[in-house]
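The values are calculated or read from the model by the stated rules, or taken from the named source; none is laboratory data. Just so you know, these numbers come straight off a predicted model, no measurement behind them. Glycine also receives a Cβ, built like all others from the backbone with ideal geometry; neighbour counts cover every protein chain displayed. What goes into the accessible areas is simple: the full protein's heavy atoms, side chains included, and nothing from ligands, DNA or RNA. Shrake-Rupley method; radii C 1.70, N 1.55, O 1.52, S 1.80 Å.
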Amino acid sequence: MPYQDTNARFEAAMNSCREIFEKKLRDYSASWRIMRPQSITDQIFIKAKRIRSLEVKGHSMVGEGILPEFMAIVNYGIIGLIQLELGWSDTVDITADSALSLYDRYAKVAMELMIAKNHDYDEAWRGMRVNSYTDFILTKVERIKEIEDNSGETIVSEGIDSNYLDIINYAVFGIIKLTARQ
C-alpha cells in the first residue's frame, strides 16, 4: 500500500508542476529554448541555494517559500532534459503543445525511475528530512557542472540526464513532504 500512495502522491505533485509549466508557457512561450545547458544548471543551483537559505534563515523577504522553489526545480529539470535532447536554440522554435508533449514524456521517465528506485530503496525517502533533498539536489548540480566543464564526458559516472532525473525526483519528494504538512 505505501508504494501505491507514493505513486499517487508523486503523480499529483508532478501534475501541480505541470500546471505551472503550462501557465508559464502561455505567459512566456517556450522562451527557455534559448537557454544553454549551463544556464539551466545554474538556474537549478539558484533555486536550490534559495531553498537552503530559507531552511537556515526560516523566513523569506520576498514572500515566496520553499514549495514554489521545489516546483521550479522540477520544471527546470525537465527543461534541462528537453534541452539535452533538442539542443538550445537562438529562437523559440517549438510550440506550446510540443513543449507540453516533451514535458509529459520526461515526467513519465522520472516517475518510472522513481518507481524502480523506490522499490529498491524500500521507501527510504519517507524517513528523510526535506533539507536532505536540498543537499542532494545541490550535490547533483555540482556533479552536472563538473560534467559540463568536462564537455559531457564521464569515466564511470552517470551522465547529465541521470542527474537531472534524480534532481526532479528529490524535488518531488520535497513537494510531497511539504504539502503533507499543510
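Mind checking which residues of the stretch 2-34 are outside any helix (DSSP H, G or I) and open to solvent by 70 Å² or more (accessible area, probe 1.4 Å)?
Listed by number, the list is empty, since nothing qualifies.
So Asp97 fits all but one of (1) more than 19 Å from Lys23 (Cβ to Cβ); (2) loosely packed, with under 14 Cβ neighbours inside 10 Å; what number is the exception?
Against the list (1) more than 19 Å from Lys23 (Cβ to Cβ); (2) loosely packed, with under 14 Cβ neighbours inside 10 Å, Asp97 comes up short only on (1).
Given the structure, is Val141 open to solvent by less than 20 Å² (accessible area, probe 1.4 Å), in contact with a Ser or Thr (Cβ under 8 Å, 6 or more places away or on another chain) and among the hydrophobic types (A, V, I, L, M, F, W, C)?
yes
Find the residue count for the stretch 131-180, including only residues that are at positive phi and among the hydroxyl-bearing types (Ser, Thr, Tyr).
So the answer is 1.
Here is a check on your reading of the model: is Leu138 in contact (Cβ under 8 Å) with a residue 40 or more places away in the chain and closer than 14 Å to Thr41 by Cα?
Spelling it out, Leu138 is indeed in contact (Cβ under 8 Å) with a residue 40 or more places away in the chain and closer than 14 Å to Thr41 by Cα.
Could you check the stretch 95-140 and list, in sequence order, the residues that are hydroxyl-bearing (Ser, Thr, Tyr) and touching a helix residue (DSSP H, G or I) at 6+ places or on another chain (Cβ under 8 Å)?
If the condition is that a residue be hydroxyl-bearing (Ser, Thr, Tyr) and touching a helix residue (DSSP H, G or I) at 6+ places or on another chain (Cβ under 8 Å), then Tyr103, Tyr106, Tyr133, Thr134 are the ones that fit.
Exactly one of (1) modelled with pLDDT under 95; (2) open to solvent by 60 Å² or more (accessible area, probe 1.4 Å) is unmet by Pro37. Its number?
For Pro37, the failing item is (2).
Looking at Ile66, Ile34, Ile82, Ile20, which one is touching a residue at least 24 places away in the same chain (Cβ under 8 Å), touching a Leu at 6+ places or on another chain (Cβ under 8 Å), of a type in the set (A, V, I, L, M, F, W, C) and over 20 Å from Leu138 (Cβ atoms)?
It is Ile82.
How many of the residues in the stretch 146-169 are touching a residue at least 60 places away in the same chain (Cβ under 8 Å) and open to solvent by 50 Å² or more (accessible area, probe 1.4 Å)?
Adding up the residues that qualify gives 1.
Across the stretch 51-63, which residue is surrounded by the most Cβ atoms within 10 Å (Cβ to Cβ) among those that are free of Cβ contacts under 8 Å to residues at least 12 places away in the same chain and of a type in the set (Val, Ile, Thr)?
Val56
Looking at the stretch 118-137, which of the residues that are assigned to a helix (DSSP H, G or I) and charged (D, E, K, R) is surrounded by the most Cβ atoms within 10 Å (Cβ to Cβ)?
Filtering first and then ranking leaves Asp135.
Pull out all pairs, ordered by first then second residue, where Cβ-Cβ is under 6 Å, the residues are six or more apart or on different chains, the first lies in the stretch 122-135 and is under 15 Å from Ala48 (Cβ atoms), and the second is open to solvent by 50 Å² or more (accessible area, probe 1.4 Å).
From residues that are under 15 Å from Ala48 (Cβ atoms), the pairs are Asn131/Glu55; Tyr133/Tyr170; Thr134/Arg52.
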